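Notes for the one structure printed next.
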Amino acid sequence: MEYLPILFFVVVLICLLMGFPVAFTLGGVSFIFGVLTFGLNFFNLLPLRIWGIMSNYVLLAVPLFIFMGVMLEKSGIAEELLETMALLFGKMKGGLAISVLIVGAMLGASTGIVGATVVTMGVISLPVMLKRGYHPRAASGIIMASGTLGQIIPPSIMLVLLGSVLNVPVGNLFIGAVIPGTLLVFLYFVWIIVLSFIRPKSVPAMPEIELDKFVGVEKVKRIFTAFIPPFFLVIAVLGSIFAGIASPTEAAALGAFGAALLTIIRKRFTLNMIKSVMLKTTSITSMAFMILVGATAFSLVFRGMHGDTYLSNWILSSNLEPHHFLAIVMIVIFILGFFIDFIEITFILVPIVAPIFIHLNMNLLWIGILIAMNLQTSFLTPPFGFAIFYLKGVAPKEVSTSYLYRGVIPYVVIQLIALFILTVWPDIVLWLPRVIGAN
């Protein structure tokens, strides 16, 4: 009986690695093992668990944040922002890369959707960067890396899901992620500056002829219209959460309304566009929640087999120090990120290890941010890094897959450095929630 949870976990993992759909693999294998373990009583247990998850008020923030991000993408606001930042930093070596980084951070704070951010910046900035003499490796690397910032910079869909699994208030996770997200942006910025010195030809400045057009009143007007509205939208969403005025779900509704309002003000709101936004929002949300339902079935069966108890007893009997256990979990998550998506890792692995972290008296807010930073690397690590596939789908033919793989390596290393810093100095995560007074 003790080996049954191990067999169950291995069967699920093999099916995932063979490429079967995640939601149906989790649900299907869990159904088979659930009936074998619980008999027909399984049909009484599962609907109750699914209803408990689907009626979770906090998770309502997921479709609202997705709607907000897709609306900003479809309205062209993201495109204007990127073009303006490129002209603003164009005089510097690496200026285009810095502009992509800043826009990636802003889009991350306003959308949290990696696919939308990477594709938008890939379509707009990659051809321009290549035309200005950027090496394909340098150009593609910063686009993919900055496109994943929305996973750690709040409001983040990943943090919403982690909060529901770890039973940590999502608002606290948002507050705790502010400094780590800023730290990661700063480390990316430092790398671009270093690259401009060691390989200046790979990140050249923009031609003076183009920059001469961007002066005076025109410059101020473009900065105001492109930068200020999205900036205030982000401040409104995060500020309402941090000030305790709104819950994350209410703030997500505010963000969705604000994005639609900006689109109307810019006279880009049409029936076809809103239909496209709603279809894409429904598609992404349905995918996430189908995986969530499958993961709920997995968690129910695994715990019903006492798999979490066996695992806890095994780890505690091995007398592992808390930081040793944390290191093992972080390494496992990093390796799994090469092969499966962050949602599966969040709903399969995290519920298993969370009770052990609690038993070891470790701060779950800190743990949640460490896991989020670790999971962010899964978008960049080959062979199945989604950011790589997103960019490859819109990249010119001369940008080969090998360029993309080599381009992300420095940024994966930087993310691991940031993860190490947060592990050694937990107060980087915990200081701001403590100052604001988050519970």
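Every residue, every condition in (1) closer than 12 Å to I369 by Cβ; (2) not charged (D, E, K, R), yes or no:
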residue: S402; (1), (2): no, yes
residue: R406; (1), (2): no, no
residue: I409; (1), (2): no, yes
residue: V412; (1), (2): no, yes
residue: P426; (1), (2): yes, yes
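Of all the residues in the stretch 263-288, those that are within 22 Å of F342 (Cα to Cα) and modelled with pLDDT of 75 or more number 6. The single condition from (1) modelled with pLDDT of 75 or more; (2) not small (G, A, S); (3) not in a helix (DSSP H, G or I) that I142 fails is (3). Among residues of the stretch 264-278 that are touching a residue at least 12 places away in the same chain (Cβ under 8 Å), those with a beta-carbon under 6 Å from a residue that is in a loop (DSSP other than H, G, I, E, B) at least six positions away or on a different chain give the pairs R268/S75. The helices (runs of 4 or more DSSP H) found entirely in the stretch 300-402 that carry 3 or more residues being at pLDDT below 75 are 307-317, 386-394. Restricting T281, T263, T249, T285 to residues that are surrounded by 14 or more Cβ atoms within 10 Å (Cβ to Cβ) and either more than 21 Å from the chain's Cα centre (by Cα) or assigned to a loop (DSSP other than H, G, I, E, B) (or both) narrows the list to T263.
Determine whether F38 is of a type in the set (F, W, Y) and at pLDDT 75 or above. Taking the combined requirement at face value, the residue satisfies it. Output the residue which, of all residues in the stretch 186-231 that are among the aromatic types (F, W, Y) and modelled with pLDDT of 70 or more, is surrounded by the most Cβ atoms within 10 Å (Cβ to Cβ). Selected residue: Y188.
The values are calculated or read from the model by the stated rules, or taken from the named source; none is laboratory data. None of the values given here were measured: they were computed from a predicted structure. A quick note on method: Cβ atoms are made from the backbone with ideal geometry, for glycine too, and the neighbour counts reach across all protein chains shown.
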